[in-house]
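Where a number appears in this text, it was derived from the coordinates with a stated rule and is not lab data. In this text, all values refer to a predicted model and were calculated from it rather than measured experimentally. As a convention, Cβ positions derive from the backbone with ideal geometry for all residues, glycine included, and neighbour counts pool all protein chains shown.
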Amino acid sequence: MKQSDSDKNFNINMHEWMQSAFNVWKQMAQPGDQGKTQAETTFTGSKKTDQFFMSSLNMFQLACANMFTPENIDATIQKSDAITSATLEIMQHMTEGVMEMQNSWIERMVRIGKETKAYSFDDMDKEMFTTWKNIYEKEIQQFFQIPTLGLFRFYQERINVAIDKQNIFSEALSEFMYTLFVPVEKSAAVFQKELEEKIARGELSNNLKEYYNRWIRILEGHFMSLLKSEEYTEVLNRTISSYTQFKKAKDDVLTDFLQHIPVPTNKEMDELYKEIYELKQKVKSLQKSVNN
Amino acid sequence: MSKPTIDVDLILKTVTENTERTKVRVQKATEVLMDSLDVDIAQTPYEVPYKEDRVQLKHYRPEHIKYKTPLLIIYALINRETMLDLQPGRSVVQSFLERGIEVYMIDWGYPTRKDRFVTIDDHVNGYIDNIVDFIRNKHQIEKINLMGICMGGAFCVMYSSLHPKKINALVTSVTPTNFDTDKGLLHIWMKRLNMADLADCYGNMPADVMNFGFLLLNPARLMLDKYVSFFENMDNKPFVENFVRMEKWIFDSPDIPLATFRQFITDCYQKNLLIKSQLELAGKRVELKNITMPLINFYGKFDHLVPPEAANQLVQHVGSTDTEDICLSTGHIGIYVSSKIQKEFVPRIASWLKERDE
């Protein structure tokens, strides 16, 4: 019984506190003395902005007034629990993703000291890229695929697609750059082994150019093996395709912006070029038949 | 006490000496790089008697004309024809002029986005045919000699098949005609990569993307060792001048019109239609048996862009009985810029043309 009275008092106090808080903001936003300038009498420095602020405040108060009435406040507080739970859940997913990624990196770092197979690219570590790809596809990509609504939905949709494609391209580019680095890593290992053998035999040369020439030959050999491999072609193809998609998506967004300024878009110019091209073909053909 | 396996003193001494040498070299290099350098390319004088859109015809006139039939050179759409006139002493054009051959050469210009619809047919049956007719009319002759380089060679093969009556003799050099080979990385990549879509989103195939692709054919040499070599020789003025000339030529590359690029990739690299006589330009079939004029075909033994397997099948498929296949011990560019190969390449063409100069 005592608990119930205490809850009732809390709910009434909450309602009153909300009211007074709104009143403070409303009074601040009220027009001031007649003799003062607009900047001094307005809350935001602009009457129109003040009006927008007041109407927004009223809307918010209307929504909150219902949420925080003594009879609704329990449900509101319960809902806010649900929001907190959802936020926690999202954070948990994200943390798990990052942990998974971190584990993959740690596993990879552990492997760094182990011997790498020379002139072979079938043992490339794709795991970390696959991990990130999975995290992105399962946890992040959906945010960019949420259906967009309203008057500007198509613009928003194109922006979302561009961000999504940029992320996919960045991931592919990282894998491509890593792949290009693999021959350097493998060459260093092979070269190091050769040096160790030379040291053991006491055949170390004092001509540094000899070492460079040997290293560049090993590096070239590794690059040749890599460039001919299926794995490299796959990674290169993924990078090119994802870049193509990103560029197209980015250009679509730019076209949206360009439509609002007096600059012709590529689409418009291409249509014009096509017409000019076809006209020229006709003129040249006619000119030839006239000359003949 | 056992003898140490590494002579640390000697290594440290060498490092010190190298550092000292590098310091001196950098000081001298500063003088070389700040000095006026002769790095101009394409210095041989020429006239421009014909222009069409962005395309222009360069006319090089020898001091004494010794051949009745002029030679039209058609370069690829990748990089520029200036490679044939890189510098005095390393100029294919000058070598022809010295032998009394009147030379015409097509400069394809720099395609822009408005050229994205220009097809292979527009190049072969449009620009090339108009230029051939212009030269024939100007010289009042029925036939001219045609020489094609790389992709320009493929265009010449197409043209000679479709207009055999206008060509006296055909010279092809590092010309890809058989694309069904995995010997060159370019052949592997062009079959498996979706380059046409990439070109589409740019309007045309961007030259920088193509150049980056060429650098990736041998990153260790082309992106690293080449510049190490420059650093080691940057106090040597003639070396620096030659190096900069090549850099200027390599990275001076026009974009390739989208429709041409797309068709070349699809019909040639992916379907290999040219060597099978199944390629069609604006509905007309390119039948290699129609090539009945004399043909001499050059290719490089160490060419990594157009490997011998891509170039050495042409003579077996043409209708001509007067054919010659010549494999030179060099690479794709070496044929035109190597001093050693220069002594063999142009004299061979000149004497071959002389024997067929009607």
Return P(r) of the stretch A:224-265 (all Cα-Cα pairs; 10 Å bins starting at 0; whole %; ordered from short to long distances). 27, 28, 20, 15, 10, 0
Could you compute the FRET efficiency for A:Ser170 and B:Val24, with r as their C-beta to C-beta distance and R0 at 60 Å, rounded to 0.05? 0.85
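Rounded, prolate or oblate, given the Cα gyration tensor of the stretch B:182-277, with a/c below 1.5 counting as rounded?
The shape class here is prolate.
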Counting only C-alpha contacts under 8 Å and six or more residues apart, can you give the relative contact order of the stretch B:58-104 as a whole percent? 62
Residue farthest toward the positive end of the dipole of chain B, with Cβ of Lys/Arg at +1 and Asp/Glu at -1: which of B:Ile135, B:Leu57, B:Val228? B:Ile135
Normalised by the number of residues in chain B, what is the relative contact order in percent for Cα pairs under 8 Å and 6+ residues apart? 21
How large is the dipole of the stretch B:64-222 about the Cα centre if only Lys and Arg carry +1 and Asp and Glu carry -1, each at its Cβ, rounded to the nearest 20 debye? 380
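So if each residue of separation counts as 0.36 nm, and I subtract the Cα-Cα distance between B:Glu47 and B:Lys289, what length gain in nm does that give?
83.5 nm
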Using a 10 Å cut-off around each Cβ of peptide B:17-23, what is the average number of partner chain Cβ atoms that fall inside? 1
For the stretch A:126-255, compute the number of Lys pairs whose alpha carbons are separated by less than 20 Å, excluding pairs fewer than 8 positions apart on the same chain. 13
As a check on your grasp of the helix formula, calculate [θ] at 222 nm for chain B: sum -39500 (n - 2.57) over DSSP H runs of n ≥ 4, divide by the residue count, round to the nearest 500. -11500 deg cm²/dmol
For chain B, the longest principal axis of the Cα atoms and the Cα long axis of helix B:151-162 enclose an angle in degrees, to the nearest 10, of 10
Assuming a ≥ b ≥ c are the square roots of the Cα gyration tensor eigenvalues, decide whether the stretch B:47-355 counts as rounded (a/c under 1.5), prolate (otherwise, with a/b larger than b/c) or oblate. rounded
Compute the length gained on full extension between B:Leu12 and B:Thr266: take 0.36 nm times their separation in residues and subtract their Cα-Cα distance, giving the result in nm to one decimal. 85.7 nm
With only alpha-carbon atoms counted, please give the Rg and Dmax of the stretch B:61-139, in Å. 14.4, 42
Neighbouring partner chain Cβ atoms per residue of A:280-287, average, 10 Å criterion: 2
Angle between the Cα long axis of helix B:339-355 and the longest principal axis of chain B, 0 to 90 degrees, nearest 10? 10
Between the helical axis of B:237-250 and the dominant principal axis of chain B, each derived from Cα atoms, what acute angle in degrees is found, rounded to the nearest 10? 40
Once a ≥ b ≥ c are taken as the square roots of the eigenvalues of the Cα gyration tensor of the stretch B:47-105, is the result rounded (a/c under 1.5), prolate (a/b larger than b/c) or oblate (a/b not larger than b/c)? oblate
Which whole-number percentage describes the relative contact order of the stretch B:164-257, with Cα contacts under 8 Å and a sequence gap of 6 or more? 31
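For a quick protection proxy, order the peptides A:260-266, B:81-87 by their average other-Cβ count within 10 Å, most packed first.
Highest to lowest by the protection proxy: B:81-87, A:260-266.
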For the stretch A:200-292, one quarter of the surface area of the C-alpha convex hull, expressed in nm², comes to 15.6
Inter-part gap, Cα centre of the stretch B:276-320 to Cα centre of the stretch B:338-358, in whole angstrom, is 20
